[in-house]
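Here's the structure, in structure tokens; my notes come after.
The values are calculated or read from the model by the stated rules, or taken from the named source; none is laboratory data. For clarity, every value in this text was computed on a predicted model and none was experimentally measured. Note that each Cβ is placed from the backbone with ideal geometry, even for glycine, and that neighbours are counted across all protein chains shown.
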Amino acid sequence: MIFAVAGKELRSMFSSPMGWVILALLQLVFAHFGFFEGVDKYYKIMSGMVRPEERLGATEFIGNNVFSMASFVMLFAVPLLSMRLISEERKNQTLTFLFSAPLSLTEIVLGKFIGLVTFLTISIVLTGAMVSSLNLWVTVDFGYIAANMLGLWLLVASFSALGIFVSGSTQQPIVAAIITFVVLFGLLTMDFYLAGDPTSVFNKISLMRHFEPFSHGIIDTRDLAYFFLFVLTFLTLTVRRLDADRLRG
Amino acid sequence: MTTVTIEASELTRTYGNNTVVRDVSFSLNKGEVLGFLGPNGAGKSTTMKMLTGNLAPTAGSVNICGIDIIENPKAAKALIGYLPEQPPLYKELTVDEMLALAGRLHGVTRKHLKKAVDIAKQRTGLTEMSGRLIDNLSKGYQQRVGIAQAIIHNPMVVILDEPTVGLDPSQIRDIRALIKELGGEHSVILSTHILPEVEMVCDHVQIIHKGQLVFNGGIDVLKQQRQGNKLLLGLSNAPSLDEIEKISGVVSVTAVQDGLLRVQYAVGENPAERIVETAVKKKWGLHQITPDQTSLEEVFVQLTYQEATQ
């Protein structure tokens, strides 16, 4: 059942140019600004300007370039994809179709979430494959790439969960996109603005603070728990929001 | 085995201080078609939303084949096919994709899915539209897809909210025939404000006004109300009204539009024959004499008007 809903979301994304264009643009941006520039800079910086003991491996230097670029670009891409998931259905009154089917609200929300994350996973896998292609010339640290992919995947899943919640709270897709973007931007940059006070609790809920260890190749259960809770919280809120539709009308 | 497929008891829904539906109770047996009538804003759609689990009632309960829709929504919803006022269609999908999705969500197994889609298309006359995008279909065809998605899982109860809106006359006839056909094996609830439609397809009628049921009974009861004790008389050389009133059995005569006269007579004493005889004898120039039926509209207006004045 969940997968029937997820499948429908995927089909909808690929039945309009939107899905293909976003996938293509993401790859273009990651490849050009992340990958090629990374390779370029690597040669410039690493060929003699840095003392040998401070040199970074190619994987870490280029990978970091690609994945930090990716996390930033996803900040724009995810709201554009998540905006229509529920708000458009509410506007076109197709939510009734799902509500009348023998599905629980949790199944509906999970289905939509899985549909969106699957779509974004395609982009992440392609990005991972791109960085792994360095293996043709140098020895690549695959563990590092895997950690980065996992980090990016968790980050994108969190973006999606928040995006679905915002989409469920409005009728206008564009409003959903803008609110999602602003909130995500706030959560991402929070630790930058609060850098002066390292003990502040707000640092602990900053998305970036928990994404960063992955970009050094560190998988910490605290970060895993944070992303897991983040997703769970917003999906639960979405279910509650949809239930309010049924109760309040 | 119980034959009651849908049972609503004391359904009430309030929005703030505004009670939209008040104490609506009814039940429906297998194979019956129920017409749900009411003026705009009477609470028809709200009632239907509560019946299908789209809206939680403030009070009261709905049982579908004995399953409470609030306590066990999944099992109850599996037995319902619902077409809301606005057909809920994903316009970016083709007819086949849409129906397959509806089938899967309603628990049709993969093995039977193709067959179920084919049957639903056949019944609604969509076979030639299989590969078309729903967005490109006309309103009438979209409506048919809406009906097809409601019957694809062969539900016990089919609930249709104004199914013939926006269709052309021949399509309306097809859809009405389909509804009659559905009534054979399913229970159908049909909301509409087109009165002749109710007369054509329904066994039972409910009239709802301002959230309350003002009439609940068989269609024949409603039809009986139409038979008044009245005749419509057309005389090209009419005498004074008093003279007609002298004919035995006639209670009163009033002039209506187009030079016609409405003759009210006592129950069981149809004076038609006597009127014709007198008219011929006195050369009144009789050119029309017909029983004057109150239209269904009038019965409807009476019922809803009475309620309003109380």
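General observations
- In the set (1) in contact with a Lys or Arg (Cβ under 9 Å, 6 or more places away or on another chain); (2) more than 14 Å from chain A (Cβ to nearest Cβ), the condition left unmet by B:Asp118 is number (1).
- Residue ranges of helices (runs of 4 or more DSSP H) in region A:31-130 with at least 1 members within 14 Å of chain B (Cβ to nearest Cβ), surrounded by 19 or more Cβ atoms within 10 Å (Cβ to Cβ) and in contact (Cβ under 8 Å) with a residue 12 or more places away in the chain: A:84-91, A:95-100
- Filter pass, B:Lys282 being at positive phi and at pLDDT 75 or above: no
- Conditions (1) part of a loop (DSSP other than H, G, I, E, B); (2) away from every other protein chain (no Cβ under 11 Å); (3) in contact (Cβ under 8 Å) with a residue 12 or more places away in the chain: number failed by B:Glu71: (3)
- B:Glu162 satisfies every condition listed in (1) under 19 Å from B:Gln86 (Cβ atoms); (2) within 11 Å of chain A (Cβ to nearest Cβ); (3) of a type in the set (Asp, Glu) except (2).
- Residue list for region B:140-168, restricted to those being surrounded by 21 or more Cβ atoms within 10 Å (Cβ to Cβ) and under 20 Å from B:Ala76 (Cβ atoms): B:Gln149, B:Ala150, B:Ile151, B:Ile152, B:His153, B:Pro155, B:Val157, B:Val158, B:Ile159, B:Leu160, B:Asp161
- Filtered residue count, region A:202-235, keeping only those that are surrounded by 15 or more Cβ atoms within 10 Å (Cβ to Cβ) and of a type in the set (S, T, N, Q): 3
- Within region A:116-170, the residues that satisfy the criterion of being in contact with a Gly (Cβ under 7 Å, 6 or more places away or on another chain) and small (Gly, Ala, Ser) are A:Gly143, A:Ala147.
- Complete set of residues in region B:129-142 that are more than 14 Å from chain A (Cβ to nearest Cβ) and either in a loop (DSSP other than H, G, I, E, B) or modelled with pLDDT of 90 or more (or both): B:Ser130, B:Leu137, B:Ser138
- Just one residue in the set A:Thr238, A:Thr180, A:Thr199 is surrounded by fewer than 13 Cβ atoms within 10 Å (Cβ to Cβ) and more than 28 Å from A:Ile62 (Cα to Cα); that residue is A:Thr199.
- Restricting region B:80-91 to residues that are surrounded by fewer than 22 Cβ atoms within 10 Å (Cβ to Cβ) and more than 7 Å from chain A (Cβ to nearest Cβ), the residue that is nearest to B:Ala102 (Cα to Cα): B:Lys91
- Matching residues in region B:281-292 - criterion: being closer than 17 Å to B:Ser248 by Cβ and either among the acidic types (Asp, Glu) or loosely packed, with under 15 Cβ neighbours inside 10 Å (or both): B:Lys281, B:Lys282
- Qualifying residue in region B:97-105 (condition: surrounded by 16 or more Cβ atoms within 10 Å (Cβ to Cβ), within 11 Å of chain A (Cβ to nearest Cβ) and not in a helix (DSSP H, G or I)): no
- Looking across region B:166-215 at every residue that is free of Cβ contacts under 8 Å to residues at least 60 places away in the same chain and of a type in the set (Val, Ile, Thr), the one that is farthest from B:Ser138 (Cα to Cα) is identified as B:Ile194.
- Once region A:11-20 is narrowed to residues that are more than 9 Å from every other protein chain (Cβ to nearest Cβ) and closer than 11 Å to A:Leu81 by Cβ, the residue that is surrounded by the fewest Cβ atoms within 10 Å (Cβ to Cβ) is A:Met18.
- Some residue of region B:24-38 being touching a Cys at 6+ places or on another chain (Cβ under 9 Å) and β-branched (Val, Ile, Thr): yes
- Qualifying positions in region A:183-196 - of a type in the set (A, V, I, L, M, F, W, C) and loosely packed, with under 12 Cβ neighbours inside 10 Å: A:Phe192, A:Ala195
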